[in-house]
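Participant: Right, I'll just put the structure down here and ask away after.
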Amino acid sequence: MNSEENKEIIVGWIGTGVMGASMVNRIMNEGYTCIIHNRSPQKAQALLDKGAIWANSPKEVAEKSSLIFTIVGFPQDVKEVYFGNDGILGVVKKGSILIDMTTTEPSLAVEIAEAAKSKGAWSIDAPVSGGDVGAKSGKLSIMVGGAANPLHEVMPFFEIMGENIIHQGPPGSGQHTKMCNQITIAGTMIGVCEALVYCQKAGLDMSTMLQSISGGAAQCWTLDNLAPRIVKRNFDPGFYVDHFLKDMAIALQEAERMQLALPGLALVKQIYLAVKAQGHGRKGTHALMLALEVISSAKNEV
């Protein structure tokens, strides 16, 4: 789309947290006008200063836009945004495209899709992976579920936000794929943090150790992006512990429904509950290191 076409489209955006603010900022950088809403208005101020239009509710966003992205915190927040008294689905226009990028329950994605269809609108579930780094750089992995029909209209926006964009199947498929992603991250994170605890106890230099293993078979995104933050004792969130606990709970709930045993995920979730109990729920997922240090009586300072 050229800049003149961009000016004709008003993009609706609900949720300007750690991830959402960077994602909508990239869309605005491409010349699109955005109407935004966030439960905490102060988190949207930088975008408003840049020229975004404020909406007082999700309902108002839906009244003024037919292309609406949402990325909020928890399933109950998604339900409120879509089905609440001031929600999107009460006023959604025929032909609108609703894209929920929150990580939430696959069944909820199906429910939203069915409700949207009854209004003559489309719904896509498109959770993302890549954290704050990927959101800022436009290198997110976007896992897409829903009908293929509206994807050609949404794809230009996905391409602004991400690089690995794959349609997984019908409504809910994007969310199921994100559960696979989170299960993998849970196992990887505990491996990385346990390696660093071991490194401390063995008297190795963490940065030097990471230079070796990051170039071998252990190489992964977590080693490249989060292990250096741990070394610097920087536990600021790229993705909150509280939100990761929510994701693991959804994955375990879905596993139980499918009669699957995921003992590794269940164990990691228990350790993350300890991270939260220690007061670190609003820190990044790599704060798992802090709980493991307490368990091992290793160095523990923030």
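Participant: If the requirement is being out of contact with any Pro (no Cβ under 7 Å at 6 or more places or on another chain), among the small types (Gly, Ala, Ser), in contact (Cβ under 8 Å) with a residue 12 or more places away in the chain and crowded, with 19+ Cβ neighbours inside 10 Å, which of these qualifies: Ala116, Ala147? Before you say what the answer is, go through the steps one by one.
Facilitator: Values: Ala147 fails: crowded, with 19+ Cβ neighbours inside 10 Å.
None of the other options fit; the residue is Ala116.
Participant: Something else about it: Which ones in segment 230-266 are under 30 Å from Met209 (Cβ atoms) and without any contact (Cβ under 8 Å) to a residue 12 or more places away in the chain?
Facilitator: Listed by number, the residues that qualify are Lys232, Asn234, Pro263.
Participant: Which of the residues spanning segment 92-113 are more than 20 Å from Gln253 (Cβ to Cβ) and either buried (at least 17 other Cβ atoms within 10 Å of the Cβ) or out of contact with any Asp or Glu (no Cβ under 9 Å at 6 or more places or on another chain) (or both)? Talk me through it step by step, then tell me what you get.
Facilitator: Looking only at segment 92-113, we keep the residues that are more than 20 Å from Gln253 (Cβ to Cβ), and these are 92-99, 101.
The answer is Val92, Lys94, Gly95, Ser96, Ile97, Leu98, Ile99, Met101.
Participant: Cβ-Cβ below 8 Å, separation at least six or inter-chain, first residue in segment 54-70 and within 22 Å of Glu153 (Cα to Cα) and free of Cβ contacts under 8 Å to residues at least 60 places away in the same chain, second charged (D, E, K, R) and in a strand (DSSP E or B): which pairs?
Facilitator: Thr70/Asp100
Participant: Are there any pairs with C-beta distances below 6 angstrom linking a residue in segment 157-171 that is in a strand (DSSP E or B) to a residue that is charged (D, E, K, R), with the two at least 6 apart or on different chains, and if so which?
Facilitator: Correct list of pairs: Glu163/Lys139.
Participant: Specify which of the listed residues (Thr222, Thr208) is more than 30 Å from Gly17 (Cβ to Cβ), β-branched (Val, Ile, Thr) and out of contact with any Pro (no Cβ under 6 Å at 6 or more places or on another chain).
Facilitator: Details: Thr222 fails: more than 30 Å from Gly17 (Cβ to Cβ).
Thr208 is the lone residue from the list that is more than 30 Å from Gly17 (Cβ to Cβ), β-branched (Val, Ile, Thr) and out of contact with any Pro (no Cβ under 6 Å at 6 or more places or on another chain).
Participant: Here's a follow-up. Considering only helices (runs of 4 or more DSSP H) fully contained in segment 172-248, which possess at least 3 residues that are surrounded by 18 or more Cβ atoms within 10 Å (Cβ to Cβ) and out of contact with any His (no Cβ under 8 Å at 6 or more places or on another chain)?
Facilitator: Working: elements: 173-202, 206-213, 221-225, 227-231.
So the answer is 173-202.
Participant: Then there is this: Considering each residue of segment 20-53, count those that are assigned to a helix (DSSP H, G or I) and polar (S, T, N, Q), and give that number. Lay out the reasoning, then the answer.
Facilitator: Here is the first cut: in segment 20-53, the ones assigned to a helix (DSSP H, G or I) are 20-29, 41-50.
Filter once more, so that each one left must be polar (S, T, N, Q): 22, 25, 29, 42, 45.
Residues in segment 20-53 being assigned to a helix (DSSP H, G or I) and polar (S, T, N, Q): 5 in total.
Participant: Okay, next question. Please work out which one of (1) buried (at least 22 other Cβ atoms within 10 Å of the Cβ); (2) part of a helix (DSSP H, G or I) is the condition Ile142 fails and give its number.
Facilitator: That leaves (2) as the condition not met.
Participant: Sticking with this one: Evaluate the following for Gly238: is it assigned by TED's automatic domain parsing to the domain that holds Asp100 and either closer than 19 Å to Leu140 by Cα or touching a Lys or Arg at 6+ places or on another chain (Cβ under 7 Å) (or both)?
Facilitator: Working: assigned by TED's automatic domain parsing to the domain that holds Asp100: no; either closer than 19 Å to Leu140 by Cα or touching a Lys or Arg at 6+ places or on another chain (Cβ under 7 Å) (or both): yes.
Judged against the criteria, Gly238 is not a match.
Listed here are the residues, each with its yes/no results for (1) of a type outside the set (D, E, K, R); (2) touching a Cys at 6+ places or on another chain (Cβ under 8 Å); (3) at pLDDT 95 or above; (4) surrounded by 22 or more Cβ atoms within 10 Å (Cβ to Cβ).
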position	(1), (2), (3), (4)
Ala255	yes, no, yes, no
Tyr272	yes, no, yes, yes
Leu288	yes, yes, yes, yes
Ala291	yes, no, yes, yes
Ile295	yes, no, no, no
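The values are calculated or read from the model by the stated rules, or taken from the named source; none is laboratory data. Owing to the predicted nature of the structure, the values given are computational and were not obtained by experimental measurement. A quick note on method: Cβ atoms are made from the backbone with ideal geometry, for glycine too, and the neighbour counts reach across all protein chains shown.
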